[in-house]
Amino acid sequence: MFRFCIANTELDWRKGSEQYKFIENCLASVDRQKQPWLIFLAHRVLGYSSAGFYVAEGSFEEPMGREDLQYLWQKYKVDIAMYGHVHNYERTCPVYQVFCLTSDIESFSFVPLLPCRSST
């Protein structure tokens with residue numbers, strides 16, 4: 001039913017790294033007939049908009065690998081990505097490369113710090 005791919009966020013996960021290869025291998029090995037749900041898990045968050053502590057540090061995301069991982073998620077059609085580290089609940093519209101992937105933004109409960117641009 002489920003395939004979990006869990007990454008070590010303390011390692012470099014940019015394209016070409018051992019961690020990237022590990023993640024891609026995990027995502028590529030799913031059998032969607034037996035495991036229709038593909039879930040990515042990691043500790044450090046790739047992006048967030050509501051954590052004032054991180055904003056004060058001058059960061060909204062992990063500095064390495066976000067774009068590379070977004071490519072893998074799209075390529076292998078990851079259904080859910082979940083993280084720890086930031087101890088807040090946050091739900092947004094489906095996002096890819098800083099764009100909301102829906103024109104029905106009112107159906108999501110969030111207030112972005114930066115304008116959310118629709119890709120439609």
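A few points about this structure:
- Residue pairs meeting the criteria (Cβ under 9 Å; at least 6 apart or on separate chains; first in the same structural domain as Glu67 (by TED's automatic domain parsing), in the stretch 14-31; second among the polar types (S, T, N, Q)): Gln19/Asn8; Gln19/Thr9; Phe22/Asn8
- Applying the criterion of being in a loop (DSSP other than H, G, I, E, B) and under 12 Å from the mean Cα position of the chain (by Cα) to the residues of the stretch 57-76, the residue that is modelled with the highest pLDDT is Gly65.
The values are calculated or read from the model by the stated rules, or taken from the named source; none is laboratory data. Since the structure is predicted, the reported quantities are computational estimates derived from the model, not experimental observations. So basically every Cβ, Gly included, is an ideal-geometry build from the backbone, and we count neighbours across all protein chains shown.
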